[in-house]
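Below is one structure, written out as structure tokens, with a few remarks after it.
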Amino acid sequence: MYERDGEWVMEGLGDHDPKRIKTVEELYEYVDTVGFLPLFRSHVDRFSLEELTASSAWWSDGEEDPWQWRVEASESGRVVYGKFFNGKAGFVSREWFPCFAAYRRDGYDFDTLYELGLANRKSKLLMDALTAEPAGLPSYRLREVAGFGRHGEKGFPGAITSLMMQTFVVISGFERRLNRTGEAYGWAVSRYCTAESRFGAEHVRSKYGLTREEALETMLAQLRRLFPDAPESALRKQL
């Protein structure tokens with residue numbers, strides 16, 4: 001995706017290209033096959049949903065709109081969705097997520113990281129708020145509950161993105177605010193929850209027996225198989 005004359009241009013496929021992903025079910029199947037998939041163009045060619053879908057379908061509100069698929073995908077729980085790739089959004093399959101978590105967390109749970117001084121106070125406030133609400137919280141409520149906002153803590157976007165990059169937090173859907181009469185208004189915002197509450201602690205931590213290096217090598221082997229011509233440095237940047 002790049003900007004041209006003030007408009008975003010998608011680097012995808014043609015409207016009738018038979019290789020394009022056309023439905024959210026095909027998206028699930030693809031993510032289950034490859035394991036990892038950034039939403040937008042990445043350091044590796046053909047390694048993004050943007051490059052595998054029709055360029056004209058984005059933000060079209062049609063059946064082939066990938067922007068809408070991310071809503072369905074996050075709510076379904078069929079795949080894991082969040083800002084996992086260099087602070088940008090993408091998908092990880094449920095099968096590969098434990099290995100991904102073992103690498104990103106280095107075998108630590110959040111409380112241990114905090115006790116060791118490896119997680120900051122802002123992250124702790126967010127994790128405490130989400131742990132107390134297993135169903136998750138939309139971003140505007142999470143800000144309030146965790147003490148962020150006008151007269152509270154600053155840096156909410158960076159703190160929540162950091163927790164997603166560490167795989168402690170995932171996006172479980174999108175919600176709009178409700179007015180006093182119960183009517184929705186405004187843009188839909190992300191709903192966050194802990195990975196453990198969404199997918200179960202036993203599953204999420206099932207690869208903690210791997211060292212960080214072993215988990216990384218396992219994932220790199222998968223990406224090397226899928227993208228044999230990609231530079232090693234580019235593959236590592238994705239993980």
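The values are calculated or read from the model by the stated rules, or taken from the named source; none is laboratory data. Source: prediction; values computed, not measured. Heads up, the Cβs are rebuilt from the backbone with ideal geometry, glycines too, and the neighbour counts pull from every protein chain shown.
Tabulated results
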{"read-out": "Wholly enclosed helices (runs of 4 or more DSSP H) of the stretch 6-125 bearing at least 1 residues exposed (fewer than 15 other Cβ atoms within 10 Å of the Cβ)", "value": "24-34, 66-76, 110-115"}
{"read-out": "Filter result for the condition that a residue is β-branched (Val, Ile, Thr), touching a residue at least 60 places away in the same chain (Cβ under 8 Å) and in contact with a helix residue (DSSP H, G or I) (Cβ under 6 Å, 6 or more places away or on another chain), over Val80, Val71", "value": "Val80"}
{"read-out": "Residue that is nearest to Gly173 (Cα to Cα), among those in the stretch 126-157 that are among the hydrophobic types (A, V, I, L, M, F, W, C) and loosely packed, with under 13 Cβ neighbours inside 10 Å", "value": "Ala135"}
{"read-out": "Set Asp128, Asp111, Asp65: member being more than 28 Å from Trp187 (Cβ to Cβ), acidic (Asp, Glu) and either out of contact with any Cys (no Cβ under 8 Å at 6 or more places or on another chain) or in the same structural domain as Gly155 (by TED's automatic domain parsing) (or both)", "value": "Asp111"}
{"read-out": "Selection count, the stretch 156-188, where residues are at pLDDT 95 or above, of a type outside the set (Ser, Thr, Tyr) and not in a helix (DSSP H, G or I)", "value": "7"}
{"read-out": "Glu196 vs. criteria surrounded by 15 or more Cβ atoms within 10 Å (Cβ to Cβ) and either of a type in the set (D, E, K, R) or outside any helix (DSSP H, G or I) (or both)", "value": "yes"}
{"read-out": "Unique match (being in contact with a helix residue (DSSP H, G or I) (Cβ under 7 Å, 6 or more places away or on another chain) and acidic (Asp, Glu)) among Glu175, Glu153", "value": "Glu153"}
